[in-house]
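Here's the structure, in structure tokens; my notes come after.
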Amino acid sequence: MKKNLSHHAYLVQIHDMIDLSPSLRRLVVYSPDLAQYPFQFNGAHIKIFLACPSQRQPQLPQFSNHGFHWTDPVNKPIVRTYTLRDYDAQTCTISIDFVKHGYSGPASVFAQKAQFGDLLGISSPGGPTPMLKPAARYLFVADITALPAVQALLADIHSAAEGDVILLLPQADDLPATLPLPARMRLHPFYGHLSQIPLLVNSVASLSPLGKNDFAWVAGEASLVLPIRAILREQWQLPPQRHYAVPYWRQGENEESYHATRHQYIDT
Ligand SMILES: Cc1cc2nc3c(=O)[nH]c(=O)nc-3n(C[C@H](O)[C@H](O)[C@H](O)COP(=O)(O)OP(=O)(O)OC[C@H]3O[C@@H](n4cnc5c(N)ncnc54)[C@H](O)[C@@H]3O)c2cc1C
């Protein structure tokens, strides 16, 4: 899959905060510059840049062919990866859905405390383009950090698609009232925390294998993604170009400590 390098950053302000469910909070961000945002599709990866504690406004990165760097490295912001949930060129807004996972992570804290007018940076979209390959049958497996991407990607899928959507959500109220599910795709929600992962893995293993014209999209905590990628690759012999399997986070590690391991895993 072709990868885009994030190549521009925008200073945006909080325009709205919407509590979508007990665990998810949407921040709608605004800048007039977003009228020219290089949007490709909802569900793309984006970086967010959060001001360090002494600052109100985050420093934005400089971009080069090797990624981004900082003019003032001492005061570099906190960088996190999120999902472009929705882009609206008319209103110059972007929506990002944050998991409220407590007060140990700066991004979760930022989402929970966000006030109108607060400033943050966001990058132009990145990640594989396209993220989904055309397919007759799809398999989606996601925890709640990847629910925003699943919702965005399902909204763009063709209506005759078949397949399965397997979700791990903290509680039943985290399941959106409406999911843009094509008629022939089945939803399998599981509720609870990481202890439920073996049940999800078993439910994937019990499906009929995907073939080389199908596509699997898997994201969430590392101990969910790793065994499912093993099923896809080793048991089902699904070629790498027919699946996306990205560990979005790892329990006990923050983004700084997990970032390099994630990229090594994706690159294999
Ligand atoms: C491509 C991509 C897209 C993503 N899209 C989204 C998205 O749209 N929405 C979203 O909420 N997240 C998304 N994530 C996951 C998000 O980047 C991580 O959860 C990130 O660690 C959150 O940063 P933080 O500052 O809150 O916590 P960190 O400072 O990174 O971590 C602090 C502590 O919290 C734990 N932790 C981190 N995330 C969670 C969690 N979800 N539940 C419980 N404990 C956690 C860590 O293990 C660590 O112990 C995405 C990740 C990737 C790679």
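Results, tabulated for the structure shown:
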| item | result |
| --- | --- |
| Whole-number percent relative contact order across the chain, with pairs defined as alpha carbons under 8 Å at least 6 apart | 19 |
| Computed helical MRE - 222 nm, the chain, DSSP H runs ≥ 4 contributing -39500 (n - 2.57), nearest 500 | -5000 deg cm²/dmol |
| Of all DSSP beta bridges in the chain, antiparallel share, percent nearest 5 | 60 |
| Residue-by-residue Karplus 3J(HN,Hα) for the stretch 56-65, coefficients 6.51, -1.76, 1.60, Hz, glycine and proline x | 8, 10, x, 5, 9, x, 9, 9, 9, 5 |
| Whole-number D in µm²/s for the chain (Stokes-Einstein; Kirkwood sum over Cα pairs; 25 °C, 0.890 mPa s) | 128 |
| Cβ-based charge dipole, the chain, positive-most Cα from Thr83, Thr261, Leu169 | Thr261 |
| Dimensionless Rg/Rh of the stretch 2-127 - Kirkwood Rh, Rg from C-alpha atoms | 0.94 |
| The stretch 126-165 - percent relative contact order, Cα under 8 Å, separation 6 or more | 58 |
| Packing-based order for 153-165, 186-198, using average beta carbon neighbours within 10 Å, highest first | 153-165, 186-198 |
| Of Lys113/Lys133; Lys100/Lys212; Lys47/Lys100, pairs whose Cα-Cα distance is over 26 Å | Lys113/Lys133; Lys100/Lys212 |
| Sequence-separation-based contact order of the stretch 132-267, relative, with Cα cut under 8 Å and 6+ spacing, percent | 25 |
| Unit charges on C-beta of K, R, D, E only; dipole of the chain, Debye | 480 |
| Selection from Phe98, Gly192, Leu210, by position along the positive dipole direction of the chain (Cβ) | Leu210 |
| Choice from Glu221, Glu255, Glu234 with maximal GNM fluctuation in the chain (Cα, 10 Å cutoff) | Glu234 |
| 5 Å binning of all Cα-Cα separations within the stretch 132-267, expressed as whole percents from 0 upward | 2, 10, 21, 24, 22, 14, 6, 1, 0 |
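Just so you know, all these numbers are worked out from the coordinates, no wet-lab data involved. Source: prediction; values computed, not measured. Cβ sites come from the backbone with ideal geometry, for glycine too, and all protein chains shown count toward neighbours.
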